[in-house]
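Below you'll find the structure, written out as structure tokens, and then a few comments.
Read the figures in this text as sums done on the coordinates, not as results from a lab. Keep in mind that what you see is a predicted model, and the values were worked out from it rather than measured. Don't worry about glycine lacking a Cβ; one is built from the backbone with ideal geometry, like all the others, and counts go over all protein chains shown.
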Amino acid sequence: MSRIKDIKFKDRHSRDILIRNAVPDDAELINKIKIDIIDERYFMLREPFEATYTKEKTAEEIIYNTENEGALYIVAEHNSIVVGELDFTNGSLFRTKHCGSFTVFISKDYRDSGVGTHLIKALIAWAEKDSLIEKITLNAFSINTRAIKLYEKCGFMIEGYCPKDMKLDDGTYIDSVLMYKFVK
């Protein structure tokens, strides 16, 4: 089972935050965070009309990441409300099981408060102890400079760029930035 020990901290606004393993009952609040971010338009792969998150599907993802070696699903909560989430999944084939990628989503009111940093550091600490995981990867939108700075602060390096990786509905393009961190 892929699990972490609970982590408690005060964010930059002195709010008590708990980072813990996600459970299926978190699915609805996790989906709300993702849908709110989709409405911001330029930091998610999906367009709003493509967001088909269901409580059942997200709960299945949480269960999968909790029960499978090399996967992790954690949340940050404040006053028993999920305010951020991070999910990490490794490759399914023998040659890719040592490596995985993650996504992290933070509610708007909790950005720039340290929640994202603590979620990512919890992932790194878990991966450093995990016997399987050697490399953590991610893709970021090139225009999401705040996120890229956060990843660099957590020790991630730029591996490369995918030019014109996303095409927006207005016909403009956004590059993807590929980042990595070796944990072993």
### Message
Tell me whether region 98-107 contains one or more residues that are among the aliphatic types (A, V, I, L, M) and within 15 Å of residue 137 (Cβ to Cβ).
### Response
yes
### Residue list for region 53-72, restricted to those being farther than 14 Å from residue 28 by Cβ and without any contact (Cβ under 8 Å) to a residue 60 or more places away in the chain
63, 64
### Query
Only one residue in 94, 102, 88 is more than 29 Å from residue 12 (Cα to Cα) and hydrophobic (A, V, I, L, M, F, W, C), so which one is that?
94
### Query
Does region 25-33 contain any residue that is in contact with a Gly (Cβ under 7 Å, 6 or more places away or on another chain) and basic (Lys, Arg)?
no
## Note on the structure
When region 152-174 is checked residue by residue, the ones that are under 18 Å from residue 103 (Cα atoms), free of Cβ contacts under 8 Å to residues at least 24 places away in the same chain and aromatic (Phe, Trp, Tyr) are 161
### Message
Just the residues that are farther than 15 Å from residue 135 by Cα, surrounded by fewer than 24 Cβ atoms within 10 Å (Cβ to Cβ) and charged (D, E, K, R), please, taken from region 60-86.
### Response
60, 61, 67, 77
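A quick yes/no check of all residues on (1) touching a strand residue (DSSP E or B) at 6+ places or on another chain (Cβ under 7 Å); (2) surrounded by fewer than 13 Cβ atoms within 10 Å (Cβ to Cβ); (3) β-branched (Val, Ile, Thr); (4) free of Cβ contacts under 8 Å to residues at least 60 places away in the same chain:
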site: 4; (1), (2), (3), (4): yes, no, yes, no
site: 9; (1), (2), (3), (4): yes, no, no, no
site: 14; (1), (2), (3), (4): no, yes, no, yes
site: 20; (1), (2), (3), (4): yes, no, no, yes
site: 23; (1), (2), (3), (4): no, no, yes, yes
site: 33; (1), (2), (3), (4): yes, no, yes, no
site: 39; (1), (2), (3), (4): no, yes, no, yes
site: 43; (1), (2), (3), (4): yes, no, no, no
site: 51; (1), (2), (3), (4): no, no, no, yes
### Query
Can you name every residue in region 119-151 that is of a type outside the set (Lys, Arg) and free of Cβ contacts under 8 Å to residues at least 24 places away in the same chain?
131, 145
